[in-house]
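Below is one structure, written out as structure tokens, with a few remarks after it.
Since every read-out is calculated from the coordinates, none of them should be taken as a lab result. Here the structure is a predicted model, which is why all the values come from computation and not from measurement. A quick note on method: Cβ atoms are made from the backbone with ideal geometry, for glycine too, and the neighbour counts reach across all protein chains shown.
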Amino acid sequence: MPKLKTHKSSKCRFHITGTGKIMRMKGGKSHLRRNKSRRAKMLYDQKLPLHPSFRARVKRLIPYS
């Protein structure tokens, strides 16, 4: 079987934990951030689990992680 290629931008955007959960970061972190409250800005800094409906798609993009 030939090797599968990893989708490089997906590799940067998603992080797989030791238990196999796929974590993602929120978008909109940098643009117009000045106008947001401190609490709203802090919510952008945490990783969130990926919705289960996207799990198979991301697994196909990152085959060896």
Condition first: without any contact (Cβ under 8 Å) to a residue 40 or more places away in the chain, within 14 Å of residue 65 (Cβ to Cβ) and exposed (fewer than 12 other Cβ atoms within 10 Å of the Cβ). Can you find one or more residues in segment 28-50 that meet it? no
* To do: Determine if segment 22-35 includes at least one residue that is part of a helix (DSSP H, G or I) and charged (D, E, K, R).
  => yes
